[in-house]
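Input: a single structure, listed below in C-alpha cells.
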Amino acid sequence: MRYKIVGEDNYIMVATTRPETILGDTAVCANPNDERYAGMKGKKVIVPMANREVPFIFDEYVDMEFGTGCLKITPAHDINDYEIGLKYNLESIDIFNDNGTISEAAGMFTGKDRFEARVLAEEELRRTGALVKIEDYMNKIGRSERTHAVIEPKLSLQWFLKMKDVSKPALDAVMDDTVRLYPDKFRNVYRHWMENVHDWCISRQLWWGHRIPAWYYNSNEFVVAVNEDEALEKARRVTGRADLTLNDLHQDEDVLDTWFSSWLWPITCFDGINHPDNEDIKYYYPSNVLVTAPEILFFWVARMIIAGYEYRGREPFGDVYLTGLVRDKQKRKMSKSLGNSPDPIELMEKYGADGVRVGMLLCSPAGNDLLYDDSLPEQGRNFANKIWNAFRLVMKMSTDEMLEQPAASKAAVAWMRNTIDKTLADIEDSFVRYRISDALMQAYKLFWDDFSGWYLEIIKPAFGKPIDGVTHRETLEMFGDLIKILHPFMPFITEEIWQRLADRPEGSSIMVEDMPLPAPYEAGMLTRFDTVREIVSAVRTVRKEKNIPVREPLVLCASPGATGNEFDPVLIRMCNLSEIRVTEEKIEGAASFRIGTSEFFVPLSKGIDNEDEIRKLEDELVYQEGFLASVLKKLSNEKFISKAPQKVLDNERKKEADSRARIATIKESLAHLKK
C-alpha cells in the first residue's frame, strides 16, 4: 500500500495482513539505521482511507529486512504497536466493538464484521489507488482455545497493580538468599524479571473467579469495598447523596487473575488473611520448601513472595525447588503427536510402581530436564528384584546360636555399619541441597554394591551350613536400616519387607518410623576396606589370567601393613587364601600386582612368564608417566593454580605424589625382572 508523504508527490510503501486496521493507524515507523528512509525524519504521511496525517517515526524495534522495512503503527490493536505508542505518545484509536464489528471511531465500515471489513478495505484501497499488490503470506494467527475464534488485540478498560515498589522486597529476598532457588541458575532469570517488571493486569473477563470488589455509580465513578453494603455506604459518603440505593450501584463484572488469587496461597491455606494472628499461621508460616516448575517462577513464585512481604512482612518459604520437564532421550518434549509419551499405568504394570519411581529419579538432576528412556524403569525394577532376593536370602539363612562369630563376619559387620553411617551423612547432605537423584544413587550403591555385592558375600555361610546368631541378628538390624533409607524412593517394596522382617503391631507402618541417623564413622576403616576391594579384584584377575581354579587356595605375600590387617580374614575368605605372608622381599616365580604404592605377590606353582610380566609392567609404566605428565601440566599452569580451590590443588598434588611412587615401584620391579 502507498502512504502519501505530506507536502510531496511521493509515497512510502507499507505491507499488512490486516488492512481493516489501517483505519486505526497513528504513525508509520522505520529503523533509524535504515538508510532508505533517512530522508523521512520529521515528516508526516497520510493514512489511506482515513486520510489522516500521522508522524513518520524511527525505532530499532523495526526489522529492516522484513517487508518494506516500514511498519504501520496501530496502538489499539497490536501489543508491540501499543508499546511503541506509549514510547512516542501516540494516539490510540479503537476501531473494534466488543462483538468484533467496526466501531464509529474507524470512520467507515461502521457495524460491519471485522472480516467483512477486511474485504471492503481491500476494495477501497484498490479504488483509491493506494493498493499496490496482494501476495499470499503464511502468518501465525492466535485463536481461542475453546471456540477457535481468531483473537483480535483490542484496547479495553482493565485493573492494574503497580509492581515497581511492591516487588522490590521480593527481589532482595532472593538476591540475599533469604529465599533460595534450587538450582541457583534461576537466580539470574528471577533477577531479570523482577528488575524489568511491568504493571500487572489483574482483571479477567471470565465468569469464574474472585469478582473485582469495585462498584460503579454515576457512570464510571467507583468505590472499592468488601461487600455491597460497604460499597453503598462509601458511595453515599463520597457523593453526599443519602438517597443512593443498591439499585444505583453495579459491581464490576470482571474477575481477578488466577495468579492474583494464587499468590495468597501460603497465607490463605492457614486462613491468614481473615485471621492474621491465628495459631496455625503463626506456627507454619513461613513454610520450608515449595516444589514447582520453573515456567511459573514469575507467574506464581515471585508473586507469592511479593504477597508474603506485603501481607505478612516476610518471605512465605525458605527454599524453592524447581523441577525440570520430562523429555525423551532425543531431548524432545513428551507429546501425543510425537508418540514419545509412555502411559504411566502401563509402565507401572510392566516395571512396578517402585521401578518407575526409581527410573524417573535416576534421570532427574535438580532443576534440569528429565531425559526419559525405558531402560531407566527397567533398572528400577531390577533394583527392586535385587532388594527382594537379598531379603529372601537373609530370611532363609538357618542360624546356630552355638557358633562363634567368624573373624571375617565380625570385620564385615564393623565395616558395613561404618559404610551405612557415612552414606547416611552423604544422603543428608544431598537432601539438604535438594539433589534427590544423587541421594537415590547413594542409597542404590549402598544396597547394591556394599551390602549385596560385598557384605552378604563375606558373611554368607557355605552351602547347607548355618550362620552364627550374632552375625544374623546384626544383618537383620542393618537390613531394617537399609529399608528405611530406601523407603522415600521405593515405598511399596520397603513397606512389604519391613512388615515381614519382624512381628509388628496392628496398624504400624514404616512410613512413620524414624529415619536412621548417621553416627560418627571411621573414615580410615573405609579407606582400608577400599584397598581390600582392590586386592580381591587383583587376586581374582590373577586367577583368571593364570587359569587357577577358584577352589584352589592361594598364598598372598605383602609388605607389612599393606593389607590393613583387620581385614585379613576377609581377604582370606574372599580370595580363598591359605595364608597371608608378610615379606619385604620380591618373590621369585610369583605373579605380582600393585595397589597404591604397595606391591603384592601370588606365588605360582608353574612360575611366571618373565617376558609377559615385563611387557605388562612397561605398558603400565607408559600409562603412569603419561598420567604424571598431565598432572604436572595442570600444576605448572599459573591460571589454574590461581583460580583452583585449595581442595582441588591438594588433590592434584596427591595425584602427583602417588604417581611418582607407583612409577618408582614399577621401575624397581622391572629392574628385578630384567636381571
Problem set entry | Ordering of 293-304, 34-45 by packing [mean C-beta count within 10 Å, highest first] | 293-304, 34-45
For this session: Determine the calculated [θ] at 222 nm for the chain from helices alone, applying -39500 (n - 2.57) to every DSSP H run no shorter than 4 residues and normalising by the residue count; nearest 500 deg cm²/dmol.
Result: -13000 deg cm²/dmol
Exercise. How far is helix 353-362 tilted off the main Cα axis of the chain, in degrees rounded to 10, range 0 to 90?
Worked result: 80
Exercise. In whole percent, what relative contact order does the stretch 344-504 give with Cα contacts below 8 Å and a gap of six or more residues?
Worked result: 30
For this session: In whole Hz, with x marking every Gly and Pro, tabulate ³J(HN,Hα) for the stretch 522-538 from phi via Karplus 6.51 cos²θ - 1.76 cosθ + 1.60, θ = phi - 60°.
Result: 8, 4, x, 4, 5, 5, 5, 6, 4, 5, 4, 4, 5, 5, 4, 4, 5
Exercise. Taking other Cβ within 10 Å of each residue's Cβ, how do 659, 92, 578 sort, fewest first?
Worked result: 578, 92, 659
Exercise. Around residue 152, with a cut-off of 13 angstrom between Cβ atoms, what is the net charge of the other residues, counting Lys and Arg +1 and Asp and Glu -1?
Worked result: 0
Exercise. Tell me, how many Å apart are the Cα centres for the stretch 381-421 and for the stretch 279-336?
Worked result: 43
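Could you work out the local net charge near residue 559, counting Lys and Arg as +1, Asp and Glu as -1, over the other residues with Cβ closer than 9 Å to its Cβ?
Value of the local net charge: -2.
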Problem set entry | Whole-angstrom gap from the stretch 630-649 to the stretch 177-243, using each part's C-alpha centre | 57
Seminar exercise, completed: Spelling it out for residue 52: with amide H atoms placed in the peptide plane at 1.01 Å from N, the residues 5 or more places away or on another chain with amide H under 5 Å from its amide H are 47
Exercise. What order do you get for 49, 334, 402 when you list them from fewest to most C-beta neighbours inside 10 Å?
Worked result: 402, 334, 49
For this session: Order by neighbour count: 655, 667, fewest other Cβ atoms within 10 Å first, most last.
Result: 667, 655
Exercise. Quick one: helix 375-396 against the long Cα principal axis of the chain, what's the angle to the nearest 10°, folded into 0 to 90?
Worked result: 40
Problem set entry | Long-range Cα-Cα pairs in the stretch 138-279 (distance over 22 Å), rounded percent | 62
Problem set entry | Count of lysine pairs in the stretch 344-504 with Cα separation under 19 Å (8 or more residues apart, or interchain) | 13
Exercise. If you average the sequence gap of Cα pairs under 8 Å that are 6 or more apart and divide by the length of the chain, what percent do you get for the contact order?
Worked result: 6
Exercise. What aspartates and glutamates sit close enough to residue 112 to cross-link, taking a C-alpha to C-alpha distance under 12 Å and skipping anything fewer than 8 places away on the same chain?
Worked result: 20, 104
Problem set entry | Filtered trypsin sites (Lys or Arg not before Pro), the stretch 365-452: DSSP coil and at most 15 other beta carbons within 10 Å | 433
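Computed from the coordinates by the stated procedures, all read-outs in this text should not be read as laboratory data. Just so we're clear, the structure is a prediction, and the values are computed from it rather than from any experiment. As a convention, Cβ positions derive from the backbone with ideal geometry for all residues, glycine included, and neighbour counts pool all protein chains shown.
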